[in-house]
Amino acid sequence: RGSGGSRVDSLGVSGLKSVFWGSLVGLAWTHLGYPAAAALAARLRPRPVTKRDWTPSVSVIVAAHDEEAVIARRVENLLSLDYPDEVLEIVVASDASQDRTDAIVEEIAAREPRVRLLRCPRGGKVAAQNLAVRGTRAEVVAFSDANALWAPDALRKLVRPLADPEVAYVCGRLVLKEPDGTNREGAYWRLETWLREQESLTGSITGGNGAIYALRREDYVEVDPRFGHDLAFPYLMVQRGRRAVYEPEALAYEKPSRDVEDEYRRKVRMLEHCWLILHRGRMLEGLPPGYLVKLVSHRHLRYGSGVLHLALLGSSLALAPRGGIYRAALAGQLALLAQAARRPGLARYYALVSWATVEALLNYLERGVPAVWEKAEGTR
């Protein structure tokens, strides 16, 4: 072949090497490098929150769609909180429930003035939350899932950081119970909550959780009903010059999906909304540099990990004949896939969750994202 063909081959190999190293570095940074850097930053340059014991008026809002199996337990749990009765309101925003959810809440409200049912047209969780917030005058609005339970002191602990005028949003710590089946979400979640604590210590977190979080009423933002609060609220608060922090002492408990396959379907559904926010949420605008690095490292690269893995696998296959690190990287990836196929465990969980990011992206590009969805099996 002539020199022209050699140059084309050289460019092709150079391109493959760029894909290989780019995807490898991206995966290594989001899973290993960034957590280590966040922990180091939290130790060297912490930004503590000024907490204070106070009891502002609070509306705890629970969005529910066909939750008859758990709604009574959820409301009774909130009624038993160690918080002054006169400043606590519990609003169940029923998203056009067709089962006995509304009747159960009405029965409790008939004997308990702190409880109120709000019937909403079917529009999804965020739409129901928006309607509920419009109807409250409380200083603080707090939110929880219908299948969660809070520790008795959870609300007191949750509102303490909001005494700091810099803080607009706070999420508590979700503790996952051991699943009945093969799901390994708990191992991932322990790492995630630890990383969230490091982020909070250096300013603001990049994501919350739906089981337990709160904002000052004046800081609440009505986002697109297809967006989730967990990803949208933290960066929106930072764009407004405020802080979004994590309070690990405010505890909530939930049952995870039973099996890793159920968790996979839940992840696909959630990640579709994440891709929408990444695409249309204007996430990277008006952010300080430090928080921008956090957001790209923890969210963008993490959600793109499935695509990065595909790029790494493809480039490793093409470059393996050159030996060295390319062959070793291919062998490592094949070993991970073999372990994932062999039996349930962390390898299968990681492989499925990584692929869920790809399926979610394809679904989003093909059909967009609905505002409503069905709850995950086995979490009630």
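The values are calculated or read from the model by the stated rules, or taken from the named source; none is laboratory data. On a predicted model such as this, the values are computed, not experimentally measured, just so you know. Using ideal geometry, Cβ is built from the backbone for each residue, glycine included, and neighbour counts are taken over all protein chains shown. Quick note on the areas: whole protein, heavy atoms, side chains included, nothing else; ligands and nucleic acids left out. Shrake-Rupley method; radii C 1.70, N 1.55, O 1.52, S 1.80 Å.
See the values below:
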item: Label-point separation, Asn363 to Ala110 (7 Å along Cα→Cβ), nm; result: 4.0 nm
item: Per DSSP, loop trypsin sites (Lys or Arg not before Pro) in region 73-126 with at most 16 further Cβ within 10 Å; result: Arg100, Arg122
item: Approximate shape of region 6-140 as ellipsoid semi-axes (Cα gyration tensor, √5λ), whole Å, largest first; result: 49, 25, 13
item: Accessible area in the full protein assembly, largest first, 1.4 Å probe, for His300, His279; result: His279, His300
item: Residue-normalised accessible area of region 173-313, expressed per residue, 1.4 Å probe, Å²; result: 39 Å²
item: Geometric extent, Cα atoms of region 244-380 - Rg, Dmax (angstrom); result: 17.8, 53
item: For region 288-344, the Rg and Dmax computed from alpha carbons only, in angstrom; result: 15.1, 45
item: Carbon + sulfur, % of accessible area of the chain - ligands and nucleic acids excluded, 1.4 Å; result: 57 percent
item: Those lysines that a straight Cα-Cα span of less than 17 Å connects to Lys51, excepting residues fewer than 8 apart in one chain; result: Lys157
item: Rounded to whole Hz, the Karplus (6.51, -1.76, 1.60) HN-Hα couplings of region 68-78, x for glycine and proline; result: 4, 6, 10, 5, 5, 4, 5, 5, 4, 4, 5
item: Ranked order, Thr101, Thr55, Thr202, Thr50 - accessible area, probe 1.4 Å, largest first; result: Thr50, Thr55, Thr202, Thr101
item: More than 33 angstrom apart: percent of Cα pairs within the chain; result: 34 percent
item: Within a Gaussian network of the chain (alpha carbon springs, distance under 10 Å), most fluctuating of Leu174, Leu201, Leu337; result: Leu337
item: Extent along principal axes [Cα atoms of region 5-86; Å; largest to smallest]; result: 79, 43, 17
item: Estimated dipole of region 195-346 in Debye, rounded to 20 [Cβ of Lys and Arg +1, of Asp and Glu -1, Cα centre]; result: 460 debye
item: Kirkwood-based Rg to Rh ratio, region 187-291, C-alpha trace; result: 0.96
item: Among beta bridges that DSSP assigns inside the chain, antiparallel share in %, nearest 5; result: 25 percent
item: Alpha-carbon gyration tensor eigenvalues x 5, square-rooted, for region 246-324, Å; result: 29, 22, 14
item: Per residue accessible area in Å² of region 59-165, where ligands, DNA and RNA are left out and the probe is 1.4 Å; result: 38 Å²
item: Neighbour net charge for Asp85 - beta-carbon separation under 13 angstrom, K R +1, D E -1; result: -3
item: Solvent-free Debye scattering, log10 I(q)/I(0), computed from the Cα coordinates of region 125-250 at q = 0.12, 0.15, 0.23 Å⁻¹; result: -0.44, -0.68, -1.53
